[in-house]
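The values are calculated or read from the model by the stated rules, or taken from the named source; none is laboratory data. Computed from a prediction, not measured in an experiment: that's the story for all the values here. Heads up, the Cβs are rebuilt from the backbone with ideal geometry, glycines too, and the neighbour counts pull from every protein chain shown. Surface areas here come from the heavy atoms of the whole protein model, side chains and all, with no ligands, DNA or RNA. Shrake-Rupley method; radii C 1.70, N 1.55, O 1.52, S 1.80 Å.
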Amino acid sequence: MKIIITGGAGFIGSAVIRQYIQDTNHEIVNLDALTYAGNLESLESVSGDTRYHFEHVDIRDVDELKRVFEQHQPDAVMHLAAESHVDRSIDGPADFIQTNIVGTLNLLEVSRSYWTQLDEGRKASFRFHHVSTDEVYGDLDETGMFTEETSYEPSSPYSASKASSDHLVRAWNRTYGFPIVITNCSNNYGGYQFPEKLIPLVTLNALDGKPIPIYGTGEQVRDWLHVDDHARALRLVLEKAEVGQTYNIGGHNEKTNLEVVKIICSLLNKLVPNSPYVPHESLITYVADRPGHDMRYAIDASKIENDLGWTPDETFETGIEKTIKWYLDNSEWCQHVQDGSYQRERLGSGDKK
Ligand SMILES: NC(=O)c1ccc[n+]([C@@H]2O[C@H](COP(=O)([O-])OP(=O)(O)OC[C@H]3O[C@@H](n4cnc5c(N)ncnc54)[C@H](O)[C@@H]3O)[C@@H](O)[C@H]2O)c1
């Protein structure tokens, strides 16, 4: 297959591309605008392969999208390009609307017009896989889990924009018979994640002896999944799921943010025992909570387990240790991605005018 992957220079997209090039014979077109969150360094291990192509394209640019489809004649699209950070969506929601909603509309329309003119065989096997988040469901009380039937109740500009894009993708299936699949996944972690997200932020701040910010009481519960497990699930859904299906993907790893931070601190105490900042827990600093912060997310992943036989390989304990070691071993990558404007400052407090 030849697959266009949007957002392939980001955290999850780059993990998917590394797997595709290393583990399959598929040809991959990475379509990415290289925003602050996109880094081609994350693809160095595969970028020399003849089955890997890069297109520096913004999904807001319809003409460029048309050119890429015309030129590459893909068999499938996996759509990950998005503005993805909740805190940034609080400070500046407009980019989220433009990329996550309008950009998805552009991609749907260009893909549909390309798909319409395919011969019957290629038309029947074509897939548009939209990659989304569990945050579209809003939050949960202390019990219960999100299933594929849970109604949408997004809380942040980010999750509202992702929910809108999910609705568009489903409507393109209902209205035009366009062959889509959708996945909604819980919080990912692993190497190559931009250090504005909880796990790399805490790790790098702790290594530098900087305060480790905990939003509110830190009692918010998230379900964590290692990015390589997510990437395997995405590949499986693209290749095996029936048209029109939705799958929730999660790791059965519910932890409060405070628990996650304490696990990272104790791993760092073990892995860098000579650091002047041991015990790293002493760097924990409580800050004002995120406005509209969801209390708990939990994913019921039984549908993908039963239908497609997917289960995660990593437990949180194995995955988090690998992840922390990755950040310790890849300080150059961490340095390079922060050479731009982002310096791990607090975002999304709601204070920015
Ligand atoms: N990170 C998570 O925990 C998580 C969980 C579930 C779902 N998701 C979804 O998975 C997808 C990927 O998430 P991620 O964490 O890898 O995000 P990321 O922020 O690391 O990467 C996003 C990528 O999209 C690119 N991009 C942004 N705007 C673009 C535009 N207008 N045109 C083309 N490219 C553009 C960026 O350059 C970057 O390479 C997103 O759709 C996100 O909503 C993420």
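Two numbers describe the Cα atoms of the range 201-353: Rg and Dmax, which are 17.8, 55 Å.
Couplings 3J(HN,Hα) for the range 268-276, derived from phi with the Karplus relation 6.51 cos²θ - 1.76 cosθ + 1.60 (θ = phi - 60°), are 5, 4, 6, 7, 10, x, 8, 5, x Hz, where x marks Gly and Pro.
Using a Gaussian network model of the chain in which every pair of alpha carbons under 10 angstrom is joined by a spring, one finds that among 256, 175, 315 the greatest mean-square fluctuation is at 175. Counting only protein heavy atoms and a probe of 1.4 Å, the accessible surface of the chain is 48% carbon and sulfur. Would you mind classifying the range 69-146 by shape? Square roots of the alpha carbon gyration tensor eigenvalues, ordered a ≥ b ≥ c; an a/c under 1.5 is rounded, otherwise it is prolate if a/b is larger than b/c and oblate if not. The shape class here is oblate. Listed by chain and number, the lysines whose C-alpha is less than 21 Å from the C-alpha of residue 262, apart from same-chain residues fewer than 8 away, are 197, 210, 270, 322, 325. Name the most mobile residue of 311, 246, 35, meaning the one with the largest mean-square fluctuation, in a Gaussian network model of the chain with Cα contacts below 10 Å. In this elastic network of the chain, the residue with the biggest mean-square fluctuation among 311, 246, 35 is 35. The overall shape of the chain, judged from the alpha-carbon gyration tensor, is prolate: a/c is not under 1.5, and a/b is greater than b/c. Amide H to amide H distances under 5 Å link residue 55 with 30, 31, 32, where only residues 5 or more positions off or on other chains count and H is placed in the peptide plane.
Ordered from largest to smallest accessible area (heavy atoms of protein chains, 1.4 Å probe), the residues 222, 344 come out as 344, 222. In the assembled protein chains, residue 282 presents an accessible area of approximately 90 Å² (probe radius 1.4 Å). With a simple spin-label model that places each label point 7 Å from the Cα along the Cα-to-Cβ direction, the separation between residue 325 and residue 119 comes to 5.0 nm. Put a dot 7 Å past the Cα of residue 61, heading toward its Cβ, do the same for residue 306, and the two dots end up 4.6 nm apart. In this view, the solvent-accessible surface of residue 252, computed with a 1.4 Å probe and all protein chains in place, comes to about 110 Å². Compute a Gaussian network model of the chain, connecting alpha carbons closer than 10 Å, and tell me which residue from 329, 313, 91 fluctuates the most. Comparing 329, 313, 91 in the GNM, the peak value goes to 329. Within the same chain, lysines fewer than 8 places from residue 240 are excluded, and of the rest, those with a Cα less than 29 Å from its Cα are 2, 66, 123, 162, 303.
Residues whose amide H lies under 5 Å from that of residue 214, counting only those 5 or more places away or on a different chain, are 285, 286, 287; hydrogens are built 1.01 Å from N in the peptide plane. Calculated accessible area for the chain comes out at 41 Å² per residue, all protein chains present (probe 1.4 Å; ligands, DNA, RNA ignored). If I take R0 = 41 Å and measure r between the Cβ atoms of residue 208 and residue 141 in this structure, what FRET efficiency does the formula 1/(1 + (r/R0)^6) give, to the nearest 0.05? Efficiency at R0 = 41 Å is approximately 0.65. For the pair the range 242-315 / the range 65-104, the C-alpha centres are spaced 25 Å from each other. Rounded to whole numbers, the Karplus 3J(HN,Hα) couplings from phi for the range 85-102 are 9, 3, 4, 5, 5, 6, 6, x, x, 4, 4, 5, 5, 5, 7, 6, 9, 5 Hz, using 6.51 cos²θ - 1.76 cosθ + 1.60 with θ = phi - 60°, and x at Gly and Pro. Accessible surface comparison of 270, 255, probe 1.4 Å, protein chains only, largest first: the order is 270, 255. Beta bridges from DSSP with both residues in the chain: antiparallel share about 10 percent, rounded to the nearest 5. For the set 166, 307, solvent exposure ranked by accessible area (probe 1.4 Å, protein chains only) runs largest to smallest as 307, 166. Proximity of backbone amide H atoms, modeled 1.01 Å from N, is registered between residue 133 and 185 at under 5 Å, excluding neighbours fewer than 5 places apart on the same chain.
The label point for residue 153 and the one for residue 240, both projected 7 Å from the Cα toward the Cβ, are 3.3 nm apart. Evaluating 6.51 cos²θ - 1.76 cosθ + 1.60 at θ = phi - 60° for every residue in the range 187-203, the Karplus couplings come out as 4, 9, 9, x, x, 6, 8, 4, x, 9, 8, 3, 5, x, 4, 5, 4 Hz, glycine and proline recorded as x.
Each peptide in 1-8, 101-108, 238-245 receives the mean, over its residues, of other Cβ atoms within 10 Å, and ordering these scores from highest gives 1-8, 101-108, 238-245.
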